[in-house]
Amino acid sequence: MIRRAGRALVLLAVLAGALNADEIPPGERLSGYDMMGAEAQAMQRDDFANPAMLAVKEGEALWHAVPGEGRPSCAGCHGDAAASMKGVAARYPARDVPSGRLFDLPGRIQACQNGRQGIAPQPRESTGLLALEAYLALQSRGMPLASPRARGLDDAVQRGEGLYRQRFGQLDLSCAQCHSQNWGRSLAGTRIPQAHPTGYPLFRMEWQAVGSLQRRFRNCMTGIRAEPFPPGAPEWIDLEIYLKERAAGMRVDAPAVRP
Ligand code: HEC
Ligand code: HEC
């Protein structure tokens, strides 16, 4: 009996080892920036050429805008974003203590629009919400991504890893099969990146627009003919938390540019 239990444990340990055997060692992690061509890199480095900087400008204006008579602006409560929002994007998603809910950055902004400004929150993927998110992300540029695990989000990291390794869609593929096991290979003319979320929101040439991390996730899901989760779904937030754990210590380079 004890022996059988022991054997089961050994087997589990072996399986767990095999599951994580594809984890990319910290020294071999490459961001999407590292893996793209020189032209796109130059566009990202130059704030005057990076189209996402227009969203940052718009976000700055929204930060100061009064949303209606008697209603406070973001700046009215938070003051100078360069001080109050420095490092915030580098440690999101985070747990909201009173409600216990996990918020990604756009979800957090929506909660302030709703609860603190008393207005209808801007929908996900709207230019306004993306602009505010880009403006806040810029305040963390160059800072290392915080480890969600170190901030007590182990449960979400675990759920996110489960999703990362789950096979989806008609092609029956997992995120890990592409991004951990086959990164660097070419897929229909595109190099598969390691999927580190250092640069979101970002300007993607294929979209000809600024888009969120969840939009990127959706693209990967439809690419494998899977039904994406709805916008803002807890599964997306768990996935983001796992990817942030995997990328912990890498530098924020938002708002980035991608092909
Ligand atoms: C069939 C392979 C494949 C699968 C499966 C896949 N992706 Fe991707 N993913 C790609 C490719 C290719 C790109 C880059 C596309 C481009 O740049 O045009 C990408 C891009 C990304 C990026 C952007 C990285 C950056 O630097 O901006 C993230 C994040 C990402 N995928 C996450 C995921 C997640 C999460 C899943 C699972 C739900 C997933 N992917 C499933 C192929 C895949
Ligand atoms: C009436 C005051 C008020 C206004 C207006 C307001 N907020 Fe907040 N915000 C707060 C408070 C208080 C918190 C702390 C969390 C909580 O209890 O909601 C917070 C938290 C945040 C956080 C998380 C910071 C962290 O360290 O985790 C972000 C990001 C944020 N607000 C963005 C915004 C944006 C963007 C706007 C404008 C669209 C805005 N807020 C408008 C009061 C406000």
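The values are calculated or read from the model by the stated rules, or taken from the named source; none is laboratory data. Because the structure is a prediction, the values reported are computed rather than measured. When we count neighbours, we look across all protein chains shown, and the Cβ atoms used for this are built from the backbone with ideal geometry, even at glycine. Note: accessible area is taken over every heavy atom of the protein model, side chains too, but ligands, DNA and RNA are not part of it. Shrake-Rupley method; radii C 1.70, N 1.55, O 1.52, S 1.80 Å.
A few points about this structure:
- Boolean, Gly115 is open to solvent by 50 Å² or more (accessible area, probe 1.4 Å), within 25 Å of Leu153 (Cβ to Cβ) and either without any contact (Cβ under 8 Å) to a residue 60 or more places away in the chain or touching a His at 6+ places or on another chain (Cβ under 8 Å) (or both): yes
- The range 118-132: number of residues that are open to solvent by 20 Å² or more (accessible area, probe 1.4 Å) and under 19 Å from Leu54 (Cα atoms): 5
- Ala55, sole failed condition from (1) out of contact with any strand residue (DSSP E or B) (no Cβ under 7 Å at 6 or more places or on another chain); (2) part of a helix (DSSP H, G or I): (1)
- Test: Ser147 is within 24 Å of Asn50 (Cα to Cα), polar (S, T, N, Q) and open to solvent by less than 80 Å² (accessible area, probe 1.4 Å): no
- Residue check for Asp80: farther than 21 Å from Gly199 by Cα and within 8 Å of ligand 2 (Cβ to nearest atom): no
- When the range 187-204 is filtered for residues that are more than 22 Å from Gly128 (Cβ to Cβ) and of a type outside the set (S, T, N, Q), the ones remaining, listed by number, are Leu187, Ala188, Gly189, Arg191, Ile192, Pro193, Ala195, His196.
- Just one of the listed residues (Asn219, Asn182) is without any contact (Cβ under 8 Å) to a residue 12 or more places away in the chain, open to solvent by 30 Å² or more (accessible area, probe 1.4 Å) and assigned to a loop (DSSP other than H, G, I, E, B), namely Asn182.
- Qualifying positions in the range 162-179 - more than 9 Å from ligand 1 (Cβ to nearest atom) and part of a helix (DSSP H, G or I): Gly162, Arg165
- Of all residues in the range 23-49, those that are closer than 18 Å to Ala247 by Cα have Cβ atoms under 9 Å from Cβ atoms of residues that are at pLDDT below 95 and of a type in the set (D, E, K, R), 6 or more apart or on another chain, in Met35/Arg191; Met36/Arg191.
Per-residue answers, yes or no, for (1) modelled with pLDDT under 95; (2) exposed (fewer than 15 other Cβ atoms within 10 Å of the Cβ):
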residue	(1), (2)
Arg3	yes, yes
Leu11	yes, yes
Leu19	yes, yes
Gly27	yes, yes
Val66	no, yes
Cys77	no, yes
Lys86	no, no
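- Note on the range 39-64: residues that are touching a helix residue (DSSP H, G or I) at 6+ places or on another chain (Cβ under 7 Å) and open to solvent by 40 Å² or more (accessible area, probe 1.4 Å) amount to 6.
- Test result for Arg159, assigned to a helix (DSSP H, G or I), under 20 Å from Tyr242 (Cα atoms) and free of Cβ contacts under 8 Å to residues at least 24 places away in the same chain: no
- Residue among Arg108, Arg91, Arg101 that is closer than 26 Å to His196 by Cα, open to solvent by 50 Å² or more (accessible area, probe 1.4 Å), within 8 Å of ligand 2 (Cβ to nearest atom) and free of Cβ contacts under 8 Å to residues at least 40 places away in the same chain: Arg108
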